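The values are calculated or read from the model by the stated rules, or taken from the named source; none is laboratory data. Quick caveat: nothing in here was measured; it's all calculated off a predicted structure. Counting neighbours? That spans all protein chains shown, and the Cβs are built from the backbone with ideal geometry, glycine included. Heads up: the accessible areas ignore ligands, DNA and RNA and are worked out on the full protein's heavy atoms, side chains in. Shrake-Rupley method; radii C 1.70, N 1.55, O 1.52, S 1.80 Å.
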Amino acid sequence: MKKSCYILFILVILLSCSKKKLQKTPEIQSYQVLTLTPGEVTVYNDFPTSIQGQNVVEIKPMVSGYLQDIYVPEGASVTKGQLLFRIKNPQYEQDIITAKAAIKIAEANVNAARMNVEKAKPLVQQEIVSKYELSSAQYTLQSQEAALSQAKATLANAQTNQGYTYIRSPQSGTIGLIPYKIGALVSSTTADPLTTLSNTSNIFAYFSLSEKQLLSFMNSMKGRTTAEKLNNMPLITLVLADGTIYPEKGKMETASGGIDSSTGTATFKVIFNNKLGIIQNGASATIRIPVNLDNALLIPQTAVYQMQDKSFVYKVMSGNRVMSEAVTTSPTDDGNFVVINSGVKAGDKLVLNGLNISDSTVIKPTPANAAEIYRTMKLKSN
């Protein structure tokens, strides 16, 4: 019995040794590794924007009456001075007739008073009548001349009121909706305008920045004052609602001049030339602002993985061991690369094609071709 146990023990030892001999040493995996080098790169920040024409005018009547004629259709392009509407109000026509009649009466009174003055002058010289009568006649003439001036002013006022019944375009632009029909009663106190007139030869794209965004934005621009920073800004791109890029570039200007305490935002506007005429007042779009970074650390998006709303990269340590490092990043315009803001520094080596690597894993690093990786980016190494 003891001999059998001894033989069994020897067999177990032999089998264990044979298994160890069969086991191979795990092979070290090869991974692409990129050495971080600072460079100059342009990234983009997108902001939703609302579009307004250079001048958007509400057309309202100056006088009350019935809408008699509409001379332009909705959406029509008009020029400055073009007739748009006519309002019917017989009162203004009667006021003109009455004023003209009053002028004729006043002219007759002036002529009569002037004749009395001329008649009194020789009689005074001959001392037939006193100077008092001549002075009285002269005062009467002045009074009648004043009455004539007043009658002429009344006529001019009546003609002005009648002129308001013809509504002309104050500028060139595009007619908006016309909510009233012929025969509608309109006045200067009517809530809705007759129409709106938009001059869209240039358009303004308005957007807002939070206080935090504003500070970051201003710190990234060169210059001491806001005006200098805006002057040093590159031209801005407009992305239309269908995702296409508008061919004209825009220039950024301030709009609000400060932070609105009720919203906590500052409003800016970007001016675009609309010579193509494809952007309409009230349209929605996206402002794309370029930001030039002088010493950016740029890596492919695939080198970053997410865990619990945080971004991580695999950093190669001494002995080719891999460790996870938390980083903060900013995306580029194409979404294929990110700019690392913190977590790693220039000279660090990052794994590009790693996936689910455990910390402290030893790898075989293969230097990546940085020029090939960045071939689609406008990157200039320092």
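Tell me, which residue of segment 13-31 that is modelled with pLDDT of 55 or more and open to solvent by 80 Å² or more (accessible area, probe 1.4 Å) is farthest from residue 201 (Cα to Cα)?
Top of the filtered list is 14.
Out of all the residues in segment 247-255, is one or more open to solvent by 60 Å² or more (accessible area, probe 1.4 Å) and touching a residue at least 60 places away in the same chain (Cβ under 8 Å)?
Step one: list which residues in segment 247-255 are open to solvent by 60 Å² or more (accessible area, probe 1.4 Å), which gives 247, 249, 251, 253-254.
Next, from what is left, pick out any that are touching a residue at least 60 places away in the same chain (Cβ under 8 Å): none.
No, that holds for no residue.
Let me confirm something: among 294, 242, which residue is open to solvent by 70 Å² or more (accessible area, probe 1.4 Å), within 30 Å of residue 353 (Cβ to Cβ) and of a type outside the set (A, V, I, L, M)? Steps first, please.
Working: 242 fails: within 30 Å of residue 353 (Cβ to Cβ).
Just one listed residue meets the conditions, 294.
Going by the structure shown, is residue 40 out of contact with any helix residue (DSSP H, G or I) (no Cβ under 9 Å at 6 or more places or on another chain), surrounded by fewer than 18 Cβ atoms within 10 Å (Cβ to Cβ), acidic (Asp, Glu) and closer than 30 Å to residue 350 by Cβ?
Numbers: out of contact with any helix residue (DSSP H, G or I) (no Cβ under 9 Å at 6 or more places or on another chain): yes; surrounded by fewer than 18 Cβ atoms within 10 Å (Cβ to Cβ): yes; acidic (Asp, Glu): yes; closer than 30 Å to residue 350 by Cβ: yes.
Answer is yes for this residue.
Residues checked against (1) open to solvent by less than 100 Å² (accessible area, probe 1.4 Å); (2) assigned to a helix (DSSP H, G or I); (3) within 30 Å of residue 62 (Cα to Cα); (4) free of Cβ contacts under 8 Å to residues at least 24 places away in the same chain:
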site	(1), (2), (3), (4)
106	yes, yes, yes, no
115	no, yes, no, yes
118	no, yes, no, yes
123	yes, yes, no, yes
132	no, yes, no, yes
137	yes, yes, no, no
147	yes, yes, yes, no
151	yes, yes, yes, no
155	yes, yes, yes, no
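Check residue 364 against each of (1) at pLDDT 85 or above; (2) more than 19 Å from residue 312 (Cβ to Cβ); (3) out of contact with any Ser or Thr (no Cβ under 7 Å at 6 or more places or on another chain) and name the one condition it does not meet.
(3)
Can you confirm whether segment 87-96 contains a residue that is touching a helix residue (DSSP H, G or I) at 6+ places or on another chain (Cβ under 7 Å), at pLDDT 90 or above and either closer than 26 Å to residue 199 by Cβ or surrounded by 13 or more Cβ atoms within 10 Å (Cβ to Cβ) (or both)? So that I can check it myself, show each step before the final result.
Quick first cut of segment 87-96, residues touching a helix residue (DSSP H, G or I) at 6+ places or on another chain (Cβ under 7 Å) only: 92-93, 95-96.
If we keep only those that are at pLDDT 90 or above as well, we get 95-96.
With either closer than 26 Å to residue 199 by Cβ or surrounded by 13 or more Cβ atoms within 10 Å (Cβ to Cβ) (or both) added as a condition, the list becomes 95-96.
Yes, segment 87-96 has at least one match.
When segment 221-239 is examined, which residues are found to be farther than 20 Å from residue 282 by Cα, surrounded by 15 or more Cβ atoms within 10 Å (Cβ to Cβ) and modelled with pLDDT of 80 or more?
Residues satisfying the conditions are 229, 230, 233.
Kindly evaluate residue 218 against the criterion of being open to solvent by less than 60 Å² (accessible area, probe 1.4 Å), without any contact (Cβ under 8 Å) to a residue 40 or more places away in the chain and not in a strand (DSSP E or B).
Working: open to solvent by less than 60 Å² (accessible area, probe 1.4 Å): yes; without any contact (Cβ under 8 Å) to a residue 40 or more places away in the chain: yes; not in a strand (DSSP E or B): yes.
So residue 218 fits the description; yes.
Could you tell me which residue of segment 202-219 is modelled with the highest pLDDT, considering only residues that are among the small types (Gly, Ala, Ser) and either touching a helix residue (DSSP H, G or I) at 6+ places or on another chain (Cβ under 9 Å) or under 16 Å from residue 48 (Cα atoms) (or both)?
Restricting attention to segment 202-219, the residues satisfying the condition of being among the small types (Gly, Ala, Ser) are 205, 208, 210, 216.
So of that shortlist, the ones also either touching a helix residue (DSSP H, G or I) at 6+ places or on another chain (Cβ under 9 Å) or under 16 Å from residue 48 (Cα atoms) (or both) come out as 205, 208, 210.
Numbers: 205: 91, 208: 87, 210: 85.
So, considering only residues that are among the small types (Gly, Ala, Ser) and either touching a helix residue (DSSP H, G or I) at 6+ places or on another chain (Cβ under 9 Å) or under 16 Å from residue 48 (Cα atoms) (or both), the one modelled with the highest pLDDT is 205.
Only residues that are among the charged types (D, E, K, R), in contact (Cβ under 8 Å) with a residue 12 or more places away in the chain and out of contact with any Phe, Trp or Tyr (no Cβ under 9 Å at 6 or more places or on another chain): list them for segment 184-215, please.
Of all residues in segment 184-215, those among the charged types (D, E, K, R) come to 192, 211-212.
If we keep only those that are in contact (Cβ under 8 Å) with a residue 12 or more places away in the chain as well, we get 192, 211.
Scanning segment 184-215 gives a single hit, 211.
Of all residues in segment 265-280, which are open to solvent by 60 Å² or more (accessible area, probe 1.4 Å) and not basic (Lys, Arg)?
273, 276, 278, 280, listed by residue number.
Looking only at segment 264-281, decide whether some residue is aromatic (Phe, Trp, Tyr) and under 30 Å from residue 374 (Cα atoms).
Of the residues in segment 264-281, the ones aromatic (Phe, Trp, Tyr) are 268, 272.
Adding the requirement that they be under 30 Å from residue 374 (Cα atoms) leaves none.
Within segment 264-281, none of the residues are aromatic (Phe, Trp, Tyr) and under 30 Å from residue 374 (Cα atoms).
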